[in-house]
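Below: the structure, in structure tokens.
The values are calculated or read from the model by the stated rules, or taken from the named source; none is laboratory data. Keep in mind that what you see is a predicted model, and the values were worked out from it rather than measured. Here Cβ is always computed from backbone atoms with ideal geometry, including for glycine, and neighbour counts include all displayed protein chains. Just the protein is used for accessible areas: all its heavy atoms, side chains included, with ligands, DNA and RNA removed. Shrake-Rupley method; radii C 1.70, N 1.55, O 1.52, S 1.80 Å.
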Amino acid sequence: MDDHAQAQFDEDADRYQLAIASVDGLTAMALAHPVSQQRLLEFVRQVTVENLPERVQKPKGAAALWTRLDAPAGCGAWVVAWPPGATSDWHHHGEAIGAFSVLDGGLEFAERTIPTEREPTEHADLPEVVRSVHAGQARGIAVGQGHLLRNPADRRTGRWTLSAHAGWLVHPLSCHSYVPGAIRAESVAPRSAA
């Protein structure tokens with residue numbers, strides 16, 4: 001992980017610790033989520049390719065890259081450029097809620113209900129549901145929902161996919177830093193959405 005990625009990871013970890021501290025002992029408040037999933041879906045649907053840095057609009061190379069977006073208060077948001085064949089690993093975001101939209105190309109969104117006492121990687125015996133999400137479509141991600149995302153395009157002839165992501169209660173295991181090697185953080189200047 002380069003210095004830029006580490007700094008953003010540390011910032012997310014700090015935000016997560018503050019969020020946890022602010023709702024400690026107030027479980028009902030934490031479960032209510034001050035930002036609704038509908039608001040997160042609205043946010044990711046407003047992100048347009050035209051407002052992104054050229055490096056993300058027209059990515060090159062074999063590694064995925066991402067850039068942060070200005071997000072609603074208390075949230076984190078980013079755009080990921082997925083090369084053909086790129087995938088995240090199975091993961092969940094704990095108590096966080098989230099949403100993503102596909103700006104260009106397509107992603108497969110695989111999901112499993114993972115009991116909270118199990119790690120996201122302990123999933124082989126659980127049923128999997130896979131949905132295709134195409135440009136212009138968005139999906140919500142529920143609390144504790146185990147999932148992975150992948151660009152199903154052929155590695156040699158396929159196209160890149162761009163997706164916008166937002167989540168409340170951002171934590172250290174956000175998509176962009178959770179998967180070493182599969183999704184790599186690049187130094188890309190943050191830009192606002194919409």
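Heavy-atom accessible surface of the stretch 27-111, averaged per residue, reaches 41 Å², computed with a 1.4 Å probe. Peptides 142-148, 69-75, 162-168, 54-60 ranked from most to least packed by the mean count of surrounding Cβ atoms within 10 Å: 162-168, 142-148, 69-75, 54-60. Placing pseudo-labels 7 Å out from each Cα toward the beta carbon at ALA62 and ARG159 gives an inter-label distance of 2.3 nm.
For the stretch 44-97, state what percent of all Cα-Cα pairs lands in each successive 10 Å bin, counting from 0 Å until the bin that includes the largest distance. The calculated distribution, bin by bin, is 19, 46, 32, 3.
Here the simple spin-label model places points 7 Å from the Cα toward Cβ, and for ALA135 and ASP3 these points are separated by 3.8 nm.
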